[in-house]
1. What do you reckon, is P176 closer than 16 Å to L226 by Cα and assigned to a loop (DSSP other than H, G, I, E, B)?
2. Quickly run through the range 76-97 and pick out the residues that are more than 25 Å from K148 (Cα to Cα), touching a helix residue (DSSP H, G or I) at 6+ places or on another chain (Cβ under 8 Å) and not in a strand (DSSP E or B).
3. Does L146 count as without any contact (Cβ under 8 Å) to a residue 60 or more places away in the chain, surrounded by 11 or more Cβ atoms within 10 Å (Cβ to Cβ) and either part of a strand (DSSP E or B) or under 18 Å from the mean Cα position of the chain (by Cα) (or both)?
4. For the range 110-129, state whether one or more residues are of a type in the set (S, T, Y), modelled with pLDDT of 90 or more and under 21 Å from E69 (Cα atoms).
5. If you check E42 against the conditions, is it at pLDDT 65 or above, of a type in the set (D, E, K, R), within 23 Å of V99 (Cα to Cα) and in a strand (DSSP E or B)?
6. State all residues of the range 185-197 that are farther than 13 Å from L215 by Cβ and hydrophobic (A, V, I, L, M, F, W, C); if no residue qualifies, say none.
7. Based on what the data block shows, is F159 part of a helix (DSSP H, G or I), buried (at least 16 other Cβ atoms within 10 Å of the Cβ) and not basic (K, R)?
Amino acid sequence: MRLLTLFIVLLLTPLFGKGIEADYKVSYGIFGRVGTAKATMEYNETDYRITIEGRATGLASTLSGGRIERYESIGRVVNGRFVPYLFIKIRRNKNKESVKKFTFDHYRKKVKIEKRNYKHGKLVAVGRSELPYYAPDDLLTLYFNLRKELPSLDGSQRFYAVGGDRKSGAVDIIIPEGEELKRLKKLLKVDGLYLIVVIHQKIFASKEGRLYVVLDEDGIAKRALLKDVIMFGDIRGKLVRKEIYE
C-alpha cells in the first residue's frame, strides 16, 4: 500500500489553475487494479493546501486491513512558489494509525519530525527527532514548483525534497531524448511531455530504477510507469478524472 501511495505522489505535476481534483487508478503487473487515489490542491495569493489519499481495493484492501494513506502539505505562496511549513503522512487501517508530521524551519534550515502511533484509537507512542538534512520542498510542493523549472530544464537536474532520498532528500528529474524518448513513446503509447523521475528509495527499486511520467496539455500526469519492480512487475498509473477550477 505504501508503494501505491508514493507512486501516486509522483504523479503530481505542475498545475496552472487555482485548484485541482484528480482521480487515478493503479495496477500491479499480473494483479490488475489494486488501488485508487484522489489528489486535490487549492491555493490563493498567500496560502495553499495539497492533499493525496490512497486506498487499496479488492484483495489488496482485504490483505492490508483496509489500508488508507494520506499525504498533506500546507504552507504559503511566496513569489508564486509553494513554500511548505507542514508536511503530514498518515497511515491507517482498522486497528492502527501512524501520523508523522514534518515541520519546516526555513530560516534555520531545519526540519523537525513528530511521530504519533495509535492503536484502537488510543495514543501508544510519541517520538520527536530532526531530519538529517534540510530541503526547501516536500515531494508534493516539489512537483508543483517544477512549473517554473520545466521550460529551462535540459537533460538531468537534481532537486531536494522531504520524501526523496532518505539521507539527502535528492530527487532527479530527467528529460528523455533521442532513442530513449522513442522507446518510451512506443511503451506508453500516449502523447504528452515525458519525464523520468528518480527519488532514490529502495521501495522503488526496479530493474531500471526509474519512474516514467507523461504530462498532458494542462501539465497534469495522465500516465505513469515503473518497470520491473521486484515481486510486482510493472506498476502503472492512469488518470481517470480531472477538474481544474479558478
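1. In short, yes.
2. none
3. When the stated conditions are applied, L146 does not pass them.
4. The answer is yes; a qualifying residue exists.
5. yes
6. Listed by number, the list holds a single entry, L187.
7. In short, no.
Okay, residues lined up against (1) assigned to a strand (DSSP E or B); (2) over 22 Å from the mean Cα position of the chain (by Cα):
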residue	(1), (2)
V99	yes, no
I113	yes, no
V126	yes, yes
Y134	no, no
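The values are calculated or read from the model by the stated rules, or taken from the named source; none is laboratory data. Because the structure is a prediction, the values reported are computed rather than measured. Please note: Cβ atoms are built from the backbone with ideal geometry, for glycine as well, and neighbour counts cover all protein chains shown.
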